[in-house]
């Protein structure tokens with residue numbers, strides 16, 4: 001089964017069609033998605049700005065990361081769940097949508113960046129990871145908005 | 001009276017420019033979302049700290065002071081990007097019930113924000129303030145998303 005065939009199957013499922021045809025399900029899921037992503041981006045930005053020594057200089061980076069990471073992950077869970085349902089409602093259309101694909105790519109790269117940073121120590125690594133993370137997530141937000149305009 | 005304001009805005013040079021520049025509205029919306037991230041994440045962190053979910057990384061008064069600063073800065077950018085979005089499409093936005101509700105609730109949230117520093121200094125229990133601020137904020141974001149659908 002190709003990816004396109006899977007998407008066509010997905011958007012034909014009863015849950016996907018219910019979302020696509022409902023007056024309030026799609027906007028409702030969008031609202032959840034926006035709230036979730038603002039928490040993801042905001043909490044990550046807090047850490048990134050700390051890594052760049054721009055904010056919260058009286059807090060140790062490791063402790064900040066330790067306390068905000070659960071918030072980030074819970075919000076990310078909601079973002080993925082709501083995003084998946086939104087995607088399913090018109091899967092083949094979004095598969096074809098360049099901003100959507102690039103958005104997923106940037107989010108993936110942000111994950112790689114976080115993973116790599118976990119093993120990098122030293123001030124230079126922290127600053128690079130923080131700056132890269134901010135750029136990637138800002139890009140993801142812009143691309144996310146662009147999906148509707150492409 | 002609102003009608004003449006709407007027509008005056010719609011005819012303005014700023015409105016014409018935003019409408020004729022393809023990347024203007026998605027960019028303004030993205031800036032709007034990034035500012036929401038700053039406000040939402042900060043507000044959530046305060047609430048989690050006040051409700052004892054997040055550990056204390058710094059004195060509460062320090063957290064409140066820096067958070068309030070970030071939130072006011074976020075509101076400034078939101079008002080700026082928001083105003084340009086309204087000027088771009090005044091006929092669709094100004095008479096919109098979701099938009100008017102959003103502005104009303106925003107006023108309430110701003111009042112609560114003004115109460116924060118004094119409440120924090122007086123050592124009062126901040127749970128009501130943090131909880132209601134978060135509730136108003138979520139209402140604002142949902143109403144904001146609904147503008148596009150009503």
- residue A:80 vs. criteria more than 14 Å from chain B (Cβ to nearest Cβ) and either part of a helix (DSSP H, G or I) or touching a residue at least 24 places away in the same chain (Cβ under 8 Å) (or both): yes
- Task: Name, by its number, the condition in (1) under 12 Å from the mean Cα position of the chain (by Cα); (2) under 28 Å from residue A:47 (Cβ atoms); (3) without any contact (Cβ under 8 Å) to a residue 24 or more places away in the chain that does not hold for residue B:103.
- Result: (2)
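Quick one: is residue A:135 surrounded by fewer than 20 Cβ atoms within 10 Å (Cβ to Cβ), within 13 Å of chain B (Cβ to nearest Cβ) and over 30 Å from residue B:22 (Cβ atoms)?
no
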- Query: Considering only region B:115-150, how many residues are within 14 Å of the chain's Cα centre (by Cα) and farther than 23 Å from residue B:94 by Cβ?
  - Reply: 4
- May I ask you to list the residues in region B:43-57 that are under 30 Å from residue B:85 (Cβ atoms) and facing another protein chain (nearest Cβ under 7 Å)? B:44
- Message: Looking at region A:111-132, can you tell me whether even one residue there is touching a helix residue (DSSP H, G or I) at 6+ places or on another chain (Cβ under 7 Å), within 14 Å of another protein chain (Cβ to nearest Cβ) and modelled with pLDDT of 95 or more?
- Response: no
- Query: Restricting to region A:45-68, what's the tally of residues that are surrounded by 15 or more Cβ atoms within 10 Å (Cβ to Cβ), free of Cβ contacts under 8 Å to residues at least 60 places away in the same chain and part of a helix (DSSP H, G or I)?
  - Reply: 5
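The values are calculated or read from the model by the stated rules, or taken from the named source; none is laboratory data. The shown structure was predicted, so the numbers you read here are calculated from the model rather than taken from an experiment. Quick reminder, even Gly has a Cβ in these numbers, built from the backbone with ideal geometry, and neighbours come from all protein chains shown.
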